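The values are calculated or read from the model by the stated rules, or taken from the named source; none is laboratory data. Every value quoted in this text rests on a predicted model; they were computed, and no experiment measured them. Cβ placement follows ideal geometry from the backbone for every residue including glycine, while neighbour counts extend to all protein chains displayed. Quick note on the areas: whole protein, heavy atoms, side chains included, nothing else; ligands and nucleic acids left out. Shrake-Rupley method; radii C 1.70, N 1.55, O 1.52, S 1.80 Å.
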Amino acid sequence: MKNYSLGIYEKAMSPFLTWDERMRLAKKIGFDYIEMSIDETDERLSRLQMSRMERRKIVTEGMKHNLPVGSICLSGHRRFPMGSADEAIRRRGMEIMESAIDLACDLGVRIIQIAGYDVYYEQSTEETKKWFLENLIKSVEMAAKRGVILGFETMETPFLNTVKKCMYYIELVNSPWLQIYPDIGNMTNAAAAEGGDAVSDLKTGAGHILAIHLKETIPGKFREIPFGTGHVEFDKIIRAAVRMGVRRFTMEMWDTDEDNWERNLWKSYEFLLSKFPKDYKLRR
């Protein structure tokens, strides 16, 4: 039995699969859970309005395959950021947050990964940062009431692209319901651009790392890089995470090859398995 959980990001699989088919395939390959995407598209944002019956069906299928929806990647705030200068957009961003927390509760999900953006399509200013913090505090209060943990994703923009920068808000808000769920690909690119080191940056979040996105990147490019062809030092980062007590990891990749996506899944899974230390030890 593995001493860690390895999940799969929903977008790594064909979007035409049903939840039953996704779960069956993920289980067959060897994954432990699926991370659901609530992104900025109308299609995935509409999941926040799923009926009770639809939610119950996803839970039932997860139990059938012994492979649940284990977390939610909430990237819909790219389009509706909590720090927007537009009050209507901020209001919509908070509605999305509240609905995502409700959905997590209904699905039995305990972790929501949230985007580390004050704004994305707007100019970041002191005002947008102020609104972001104010609404972040409100979001954490909502999550705390429902028993759901929010985890910052380290992003591709300078605002929160490192664990160290996320820690500023962790310490400011000072709640067990706000932690960090870093993307090591984005962290590696940030380290390369800013003269840092991804492992050293990860260690600044000791005791606050919920889980880790395992993603490949190259300098200046943050998506759709096949595992093993970029510059992410998976061995070093995973080993450091293990020693810090991290036990939950998610493979993040995208279905970009319509004909070979399933074969690519198997190949990527085997690649990542080879990066976990064989002498897996508890935190020390």
Sites TYR121 and LEU273 - FRET efficiency at Förster radius 41 Å, r taken between beta-carbons, to 0.05: 0.65
Cα→Cβ-extended label distance, 7 Å offset, between ILE218 and GLU141, nm: 4.7 nm
GluC sites (Glu not before Pro), loop per DSSP, at most 13 other Cβ atoms within 10 Å - longest free stretch of the chain: 1-223
Area of CYS166 that stays accessible when all protein chains are in place (1.4 Å probe, Å², to 10): 0 Å²
Estimated Rh, the stretch 128-210: Kirkwood, alpha-carbon pairs, angstrom: 13.0 Å
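With a probe of 1.4 Å, find how much accessible area the chain has per residue, and write the answer as a whole number in Å². Could you put the intermediate results ahead of the total?
Values: 13180 Å² over 284 residues.
About 46 Å² of surface per residue is accessible.
How much of the accessible area of the chain, in percent, comes from carbon and sulfur atoms when a 1.4 Å probe is used?
On the way: 6690 of 13180 Å².
In the chain, the share of accessible area belonging to carbon and sulfur is 51 percent.
Viscosity 0.890 mPa s, temperature 25 °C: give me the Stokes-Einstein translational D for the stretch 21-140 in µm²/s, with Rh taken as the Kirkwood radius over C-alpha pairs.
Working: Rh = 15.1 Å.
Estimated via Stokes-Einstein, D reaches 162 µm²/s.
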Whole-Å semi-axes of the stretch 168-207's equivalent ellipsoid (Cα gyration tensor): 22, 10, 9
Helix-derived mean residue ellipticity, 222 nm - over the chain, DSSP H n ≥ 4, -39500 (n - 2.57), to 500: -13500 deg cm²/dmol
Cα-Cα P(r), the stretch 1-86, percent of pairs per 10 Å interval: 16, 46, 27, 9, 2
Straight-distance crosslink candidates among lysines, where the alpha carbon sits under 23 Å from LYS203 and sequence neighbours closer than 8 are dropped: LYS164, LYS165, LYS215, LYS236, LYS275, LYS278, LYS281
Near-label residues of the stretch 103-132 by backbone N, under 15 Å of a point 7 Å along Cα→Cβ of ASP86: 119-124
DSSP bridge pairs, the chain: antiparallel proportion in percent, nearest 5: 5 percent
Cross-link partners of LYS27 among lysines (Cα-Cα below 19 Å; sequence separation of 8 or more within a chain): LYS2, LYS11, LYS57, LYS64, LYS267
Paired Rg and Dmax values of the chain, which use every Cα atom, in angstrom: 17.9, 52
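Equivalent ellipsoid semi-axes for the stretch 160-284, as square roots of 5 times the alpha carbon gyration tensor eigenvalues: give them largest first, rounded to whole Å.
Values: eigenvalues 124, 60, 37 Å².
Rounded to whole Å, the semi-axes are 25, 17, 14.
Test of understanding: express the Cα radius of gyration of the stretch 1-40 as a ratio to 2.2 N^0.38 Å, with N the residue count.
1.20
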